[in-house]
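Novice: Following this message is one structure expressed as structure tokens.
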Amino acid sequence: MTALPKTYDRIAPIYDLLDGPYERLWKRRLRVDVFRGLDGDILDAGAGTGCNIFAYPHGARITAVDASAPMLEQARLRARRVGRAIDFRHMDLANLHFADATFDAVVATFVFMCIPEGGQLPALRELARICKSDGEIRLVDYCMSERPLVRAGMRVMSPWLRFAFDGTYRPRTEEYFEAAGLFCVHERLLFGDVVKMTILRRK
Ligand SMILES: C[S@@+](CC[C@H](N)C(=O)[O-])C[C@H]1O[C@@H](n2cnc3c(N)ncnc32)[C@H](O)[C@@H]1O
């Protein structure tokens, strides 16, 4: 396991409280978009406290992994509350215990923004390995706005994001797509120009 999830072990009991305002204002809406059209065996990679659960497509078989056991425990409780069957596994994205080509789709929402630089490529390689060759990998993360005022606001908020969530508004994940054997088939902004979904496939 990487050192990073310790942050999430600590904040797991209050994560939904901390993130609640963002969730209610805009995150909840975009989660539905992220899972739209997916079916079959889906991996929620870095599922956290299970904020995506309500958006999982009905009929799909969902596996949810996270490197933080306390975050995963919150997700388990949420799944029980809403009566959704999910296969929860405590795993590091850089070392997934699944056979090659297990999943029809892999989704990671706000996860790569908190994976340290050295962990990005190993995690992407694993996602590429466990996704079927005709499957999709959907990554959702922050990106820096082009608008000066919004950009300035993001700069101001950056220390908070780092302190509270060990995250960055400038993840450099796309620099590793090629080396991970992935290519981008589609990119779409989901919230202003500060949250982007990247759809990837295996080369
Ligand atoms: C900001 S939270 C996002 C959680 C959820 N995906 C969401 O959209 O609300 C990031 C999550 O990624 C998990 N995570 C970070 N690095 C990971 C890794 N290497 N392997 C698995 N999970 C990881 C953290 O433990 C945390 O639960």
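Bear in mind these aren't lab numbers, they're just calculated from the coordinates by the rules spelled out. All values reported here derive from a predicted model rather than from experimental measurement. Here the Cβ is made from the backbone with ideal geometry for all residues, glycine too, and neighbour counts use every protein chain on show.
Novice: Treat every Asp and Glu Cβ in segment 126-196 as -1 and every Lys and Arg Cβ as +1, leave all other atoms uncharged, and give the resulting dipole magnitude about the Cα centre to the nearest 20 debye.
Specialist: Details: 11 positive and 11 negative charges, 63 e Å.
Approximately 300 debye in magnitude.
Novice: Just want the ordering: 182, 189, 25, from fewest to most Cβ atoms lying within 10 Å of their own Cβ.
Specialist: 25, 189, 182
Novice: Before anything else, pin down the relative contact order of segment 5-202: Cα pairs under 8 Å, at least 6 apart, normalised by residue count, whole percent.
Specialist: Taking the mean separation of contacting Cα pairs over the length of segment 5-202, I get 19 percent.
Novice: Quick check on the chain: take the gyration tensor over C-alpha atoms, sort the square-rooted eigenvalues as a ≥ b ≥ c, and tell me if it's rounded (a/c under 1.5), prolate or oblate.
Specialist: It is rounded, given that a/c, with a ≥ b ≥ c, falls under 1.5.
Novice: Taking DSSP loops as anything outside H, G, I, E and B, show the longest stretch in the chain free of GluC sites (Glu not before Pro) there with at most 15 other beta carbons within 10 Å. Mind showing how you got there, number by number?
Specialist: Values: sites that count: 146, 178.
Longest run free of exposed loop sites: 1-145.
Novice: Shifting gears a bit: Let me make sure I get this right: for segment 1-111, a, b and c are the square roots of the gyration tensor eigenvalues over alpha carbons, sorted descending. Under 1.5 in a/c it's rounded, otherwise prolate if a/b > b/c, else oblate. Which is it?
Specialist: oblate
Novice: What ranking of 184, 131 emerges when the number of other C-beta atoms within 10 Å of each C-beta is taken as an exposure proxy, fewest first?
Specialist: Fewest-to-most ranking of 184, 131: 184, 131.
Novice: Kindly put 166, 33 in sequence by how many other C-beta atoms sit within 10 Å of each C-beta, fewest to most. Working shown, then result.
Specialist: On the way: 166 18, 33 15.
Taking fewest neighbouring Cβ atoms as first place, the list is 33, 166.
Novice: So, with +1 on the Cβ of K and R and -1 on the Cβ of D and E, and no other charges, what is the size of the charge dipole of segment 5-202 about its Cα centre, to the nearest 20 debye?
Specialist: My answer is approximately 600 debye.
Novice: Pull up the DSSP beta bridges for the chain and report the antiparallel fraction as a percent, rounded to 5.
Specialist: Details: 14 of 32 bridges.
Taking every DSSP beta bridge with both residues in the chain, the antiparallel ones total about 45 percent.
Novice: If the reach is capped at under 14 angstrom between alpha carbons, list the aspartates and glutamates near residue 132, excluding any in the same chain fewer than eight residues apart.
Specialist: Leaving aside aspartates and glutamates fewer than 8 places away in the same chain, those within reach of residue 132 are 39, 41, 100, 104.
Novice: Kindly identify segment 8-64 as rounded, prolate or oblate by the Cα gyration tensor criterion: order the square roots of the eigenvalues as a ≥ b ≥ c, call it rounded if a/c is under 1.5, otherwise compare a/b with b/c, prolate if a/b is larger, else oblate.
Specialist: Since a/c reaches 1.5 but b/c is at least a/b, the shape of segment 8-64 is classed as oblate.
Novice: If one computes the Cα centroid of segment 63-109 and of segment 115-180, what distance in Å separates the two points?
Specialist: Computed from Cα coordinates, the inter-centre distance equals 19 Å.
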